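Derivation of every value follows stated rules applied to the coordinates shown; laboratory data play no part. Since we're looking at a predicted model, the values are computed, not measured. A quick note on method: Cβ atoms are made from the backbone with ideal geometry, for glycine too, and the neighbour counts reach across all protein chains shown.
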């Protein structure tokens, strides 16, 4: 038996994320891992807990004008704007590849109206090889003047209810940190039918070019991700995990196994690696190995023993 297989035999890394059986708690975040193809030279796609594919919309989107990405001292700002080829291309070109690789696939979905979310969900519900849906509610609601769905409990719940009515798949809702009371949003979407929550999406930020004296991003504002947001994400996971009965996926600034473990101790059942994939394309699989080794060294048989262990 190889050393890695021996370590795997000694500990249980399996978790259940709202009805999605994961071989381990390590997933890769939407928008940072493409459709898996881009990373197959660095990571065994089937070994990941799950791949959360690039945000998918009903119709193709070109995204925002450039420049739309900039590095920051401890992360990055992005204003890509959900560039994607649309759900039909995803189903025809990308989903078959992921099925072939035996990857656990979670599809991140987005829309500008509740009807768009409902229609998109109904289409994806009929496809084989999808383990669950991650609902991005940080999108502008065009029927409400462009305000984000995720900043109001009622609009957030409306999206989730529409998704829930159109699928039997597990539904994960990705919450925005750009709110006053994240617990209120969490409770609302759980009551509307969410099976799990994903915390957090990016924080709103900006950068200014001191030479041109103009905003760097063409969109002016962008989403801040990376190590800079980890303390905020960790705090929100801790807060929400103690108040809702559904499992949580922790997201935000995870670049090593210690970061991942902090989220689990805060109450996350699973974690998702985002900006860390750009720093080290093989980081997700390395974190799986390192967490397994940690359990063996600590004499812990099951990763689930650590979920919420830091609660006071």
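Note on the chain: GNM, Cα springs under 10 Å; of 180, 56, 202, the largest mean-square fluctuation is that of 180.
This ranking places 279, 52, 70 by how few other beta-carbon atoms lie within 10 Å of each, fewest first, which gives 279, 70, 52.
Quick one: of the DSSP bridges fully inside segment 1-157, what percent are antiparallel, nearest 5?
Taking every DSSP beta bridge within segment 1-157, about 45 percent pair in antiparallel fashion.
Tell me, Kirkwood radius of segment 98-177 from alpha-carbon pair distances, in Å?
So the Kirkwood estimate lands at 12.8 Å.
In this entry, the chain is assigned a mean projected area of 16.1 nm², taken as a quarter of its C-alpha convex hull surface. I'd like the Kirkwood hydrodynamic radius of segment 1-139, using the inverse of the mean 1/r over distinct C-alpha pairs, in Å. When all Cα pairs of segment 1-139 are included, the Kirkwood radius is 16.4 Å. Rounded if a/c is under 1.5, else prolate if a/b beats b/c, else oblate: with a ≥ b ≥ c from the C-alpha gyration tensor eigenvalues square-rooted, which is segment 74-116? Oblate, since a/c reaches 1.5 and b/c is not below a/b. Each Cα pair under 8 Å and six or more residues apart adds its sequence gap; the mean of these over the residue count of segment 110-222 is a relative contact order of 23 percent.
Once the gyration tensor of the Cα atoms in segment 108-231 is diagonalised, the equivalent ellipsoid follows with semi-axes of 29, 16, 14 Å, ordered largest first. The mean sequence distance of close C-alpha pairs (under 8 Å, at least 6 residues apart), as a share of the length of segment 196-312, puts its relative contact order at 24 percent. Under Stokes-Einstein, with the Kirkwood radius over Cα pairs as Rh, the value for segment 42-95 at 20 °C and 1.002 mPa s is 161 µm²/s.
What is the angle, in °, between the Cα long axis of helix 283-298 and the longest principal axis of the Cα atoms in the chain? Nearest 10 is fine, range 0 to 90. Approximately 40 degrees, to the nearest ten. Working from Cα positions, state the angle (0 to 90°, nearest 10) between the long axis of helix 153-165 and the longest principal axis of the chain. For 153-165 against the chain, the angle is about 70 degrees. Taken over segment 258-304, the convex hull of the Cα atoms encloses 71 Å³ per residue. Based on C-alpha pairs under 8 angstrom that are at least 6 apart in sequence, the chain has a relative contact order of 21 percent. For segment 178-273, the average shadow cast by the Cα convex hull is 7.3 nm², which is a quarter of the hull's surface. Among the DSSP beta bridges whose two residues both lie in segment 147-226, what percent are antiparallel, rounded to the nearest 5? Bridges in segment 147-226 that DSSP calls antiparallel: roughly 65 percent.
Remark on segment 225-275: ratio of C-alpha radius of gyration to 2.2 N^0.38 Å is 1.00.
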